[in-house]
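Peer 1: Structure incoming, see below.
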Amino acid sequence: MSVSNAGGSGITGAKYRTLSAALAGGGNVITTGSPTITKVTRSGVVYGVYTFTATGTVTLTTGAPLACEVLVVSGGGGGGYALGGGGGAGGYRSTAAADTVAGGGATEQTGFLLLPGNTYTVIVGAGGAGGTSSTGSPTGHGTNGSNSSFGVTATNALITTTGGGGGGAQNGTASASTRGGNTGGSGGGASNDVASFSGGSGTANQGFAGGNTTANQRGGGGGGASSVGVASSTTGNGGAGLTSVIDGVSIARAGGGGGGQNFSSGGTATDGGGSGGLNTGTGNGTAGTVNTGGGGGGGGNGTTNSGAQGGSGVVILALALG
């Protein structure tokens, strides 16, 4: 893993340091925000792993700098209302040496050195709300997820990801602004209509675009960290996410939500994304899974069928202990 100085002292490299107290709460690493703390070994290196599911801080109080790998996933976008597009996955970035690909097809990014005396801020983005007949902007659209970040301060982030784009909605006057998906970390899928509309764009090195729609009975799938949301002319499935082993377990995150449909099944989703709803009285989309950044599913074909909430994000730090 290559590393860069995260504190501005001019240090360009350092050996991994063995801590007498390997995990936070003892020794020289202090956290707030109640992260889950584990210890894993990858490629002969022992890591203290801090999984933040809520905003917090990490402080290295004494000793030598520590090499730090980071996975940052933002909140997924909400699905759109009534044949709505699936919500886009939250933006996905990784510096872990074991993760060869990051979001949007990017290669592994550069890690950091945490410097003693510095407090680093962790922000975990919430998932966006699903669209309904009376909520969203424009009305019916899913709401974008919130950004996640890791940095010296909340406004001086070392690494930031963008919240997933909300799915478009079949509501109001047919136009690109109402039917198209929102731009985000991964873009929201477009809504079904009598014309063709585009899914929202993804953010470079974080995720892919949402699925487009044509004149048929499906919403487009939300974009995922590793692939574009599927167009309504095919299945309206959500785009696939990515798998990371930063915490020693192979877990897939940041899948796009499925589009809502007027068929026997809604657009499907994987890797934390929620599936799309059907043409029934209870045809709401399915919510994205918490702490995966998965997009919410779009609502099915019906005036009571709402889009679903996107999954919240996560920030995971792996500190090399020796």
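What follows is calculated from the coordinates using simple rules that are stated; it is not laboratory data. Note that this is a predicted model, so its numbers are computed, not measured. For neighbour counting, all protein chains shown are included, and Cβ atoms are generated from backbone atoms with ideal geometry for every residue, glycine included.
Peer 1: Using the charge dipole of the chain (Lys, Arg: +1 at Cβ; Asp, Glu: -1 at Cβ; taken about the Cα centre), state which of Thr139, Gly103, Gly210 has its Cα farthest towards the positive end.
Peer 2: Ranked along the dipole, the leading option is Gly103.
Peer 1: So what's the net charge close to Tyr81: Lys and Arg +1, Asp and Glu -1, counting the other residues with Cβ under 14 Å from its Cβ?
Peer 2: Here the count lands on 0.
Peer 1: What order do you get for Leu113, Leu66 when you list them from fewest to most C-beta neighbours inside 10 Å? Walk me through the intermediate numbers first.
Peer 2: Working: Leu113 21, Leu66 24.
Listed from fewest to most nearby Cβ atoms, that is Leu113, Leu66.
Peer 1: Calculate I(q)/I(0) for the stretch 209-266 by the Debye formula, one identical point scatterer on each C-alpha and no solvent, and give its log10 at q = 0.16, 0.26, 0.28, 0.29 Å⁻¹ to two decimals.
Peer 2: Debye intensities relative to I(0), on a log10 scale: -0.47, -0.86, -0.94, -0.98.
Peer 1: Before anything else, pin down the relative contact order of the chain: Cα pairs under 8 Å, at least 6 apart, normalised by residue count, whole percent.
Peer 2: Relative CO of the chain lands at 21 percent.
Peer 1: Taking the Cα centre of the chain as origin, sum charge times position over the Cβ atoms of Lys and Arg (+1) and Asp and Glu (-1), and report the length of that vector in debye to the nearest 20.
Peer 2: Using Cβ point charges on Lys, Arg, Asp and Glu, the chain gives about 220 debye.
Peer 1: I'd like to know which of Thr61, Gly311, Gly151 lies farthest towards the positive end of the charge dipole of the chain, counting +1 on Cβ of Lys and Arg and -1 on Cβ of Asp and Glu.
Peer 2: Sorting the options by dipole projection puts first Thr61.
Peer 1: Using just the alpha carbons, could you tell me how many Å³ per residue the convex hull of the chain encloses?
Peer 2: 103
Peer 1: Note the full-extension length gain between Lys39 and Thr119 as 0.36 nm times their separation in residues minus their Cα-Cα distance, in nm to one decimal.
Peer 2: 26.7 nm
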